[in-house]
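Structure record follows, encoded as structure tokens.
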Amino acid sequence: MSAVEMRSPAAAKGQIPTGDELVARARALAPKLRERAVRAERERNIPLETVQEYIDAGMLRTLMPRRWGGYEHDHEVEFNIAIELGRSTCGSSAWCLNYLSDHACILAHFPDEAQHDVWGDGPDVCIATSAAPTGKAEVAPGGYRLNGKWSWCSGIRHSPWIMIGGLVHREGDHHPDMRLMAVPTSELAILDTWHCAGLRGTGSNTVQADNVFVPEHRSVSFSTLRDAHSPGSKLNTNPIYRTPFIAVHTYALLGPALGLARGAYEEFVQWTRQRYLTYTALAIAQHVPVQIKVAEIGAEIDAAELLARRCLATARHDYTGMTKETRTLLRRDFTYAMKMLVDAMEALVKISGSSGLLDDNPVQRCWRDVHAIGSHVVMNWDVPAENYGRMQFGLGLNEAYPMF
């Protein structure tokens, strides 16, 4: 069975689960994801049965508009789901679900005709994304022509659709228009390029377009996503579709990372209760330096979560009237929380010893995956830090980073 043919039996009956129910379903799936973690890395792709279980649980519909069969839950529900999946220690599975679910929220910003193209035959559609405009987009009658390659397409082999970024140059414009375009995956070539130290099982391969036409209605300007004035936000009126894109959607990366850090921490504590210091009879759990480090690491993970939840609460309180100051604060705090999680994982690996680096130890997998997430461009600490500092001194945002 392909991803295109999958349908959610529960959702087909018109049932809308509560946020707590969806989180409980994610928690119940975590042991299965843990069992498949090594397989996902070996195959460099999420197993098909994992995707089917996500669909059966209704998780792809968490942020989808209700008029298309979705649930329109708050961003924090998706955040909580990602944490539970990440605690499985299979970062690739948590990453793909969170991204595929978040992409439904992004598609809701497109014109109505584009939403019909994707969801017209049913809502359980996986949508990949490669937003960086690495390929070439040219204006054509009625739309655009795409040529070139787009990388980092997580979950692409399970996705019948993908949203890819393109810089459009129009005569007379001082700056190119950066647009996101929805394209059927069947019109692209999938190149087997994903060989990576972290998030190995995400199948984040490259796609190639050769003179692919995209009609105008299947594109949206990033500026309308950034400023929350997209065509779709006028149709889908829930406040979650009126939030500045980068300022809020950074949580989609942070949730899996937080879950992974928690999962690795829990794994380490359980594992270390049975360990002894090499060449001694001293139990490692009785070693004071390790006890202190465990306290510090736990505090750092907790602090990252508190900071992230403050961001989500701020966004929820100010969905439709978010100022530049608030957007800049959210970007600062989301990325700093990610920085804290990377630091926590570094400390955890250091006290894990050589055994912590063995292939069958989940701690090293979580360490690699958290680093991979922290390397994502929207988690780059320097850019939001600079912009926050500039705003504090009344200098305004650095316009060299229009998306951030």
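Under 5 Å from the amide H of residue 129 lie the amide H atoms of 154, 163, each residue being 5 or more positions distant or on a separate chain, with H modelled from the backbone and absent for Pro and chain starts.
Under the simplified labelling scheme, the residue 113-residue 309 pair shows an inter-label distance of 4.6 nm, with each label point 7 Å from Cα along Cα→Cβ. Across the chain, the relative contact order, built from alpha-carbon pairs under 8 Å that are at least six residues apart, equals 16 percent. Shown here for segment 241-302: chymotrypsin sites (Phe, Trp or Tyr not before Pro) in loop regions (DSSP other than H, G, I, E, B) with at most 14 other Cβ atoms within 10 Å, namely 279. Shown for 16, 284, 83: other C-beta atoms within 10 Å of each C-beta, ranked fewest to most, produce the order 16, 284, 83. Only helices enter this figure: runs of n ≥ 4 DSSP H residues, each worth -39500 (n - 2.57), summed and divided by the residues of the chain, yield -15000 deg cm²/dmol at 222 nm to the nearest 500. Beta bridges per DSSP, both residues in the chain: antiparallel share near 90 percent.
Span-like helix criteria (full DSSP H runs; alpha carbon extent of at least 30 Å along the helix axis; mean Kyte-Doolittle hydropathy of at least -1.0) are satisfied in the chain by 19-43, 251-272, 288-317, 324-350. Taken about its Cα centre, segment 127-220 carries a charge dipole of roughly 280 debye when the Cβ of each Lys and Arg holds +1 and the Cβ of each Asp and Glu holds -1.
For the chain, the tally of Lys pairs with Cα-Cα distances below 25 Å comes to 6, considering only residues 8 or more apart or on different chains. Restricting the calculation to Cα atoms, the chain yields a radius of gyration followed by a Dmax of 21.3, 77 Å. Segment 303-356 and segment 46-62 have Cα centres lying 26 Å from one another. For segment 259-404, the C-alpha radius of gyration sits at 1.29 times the compact-globule guess of 2.2 N^0.38 Å, with N the residue count.
FRET efficiency for the residue 317 to residue 271 pair, using the beta carbon distance and R₀ = 51 Å, is estimated at 0.80. What is the local net charge at residue 114, summed over the other residues whose Cβ is closer than 11 Å to its Cβ (Lys, Arg +1; Asp, Glu -1)? Spelling it out: positives minus negatives among the neighbours equals -3. For segment 154-210 versus segment 108-132, the spacing of their alpha-carbon centroids is 14 Å.
Each value in this text was obtained by applying a stated rule to the coordinates, not by laboratory testing. Everything numeric here is computed off the predicted structure, so don't read it as measured data. Here the Cβ is made from the backbone with ideal geometry for all residues, glycine too, and neighbour counts use every protein chain on show.
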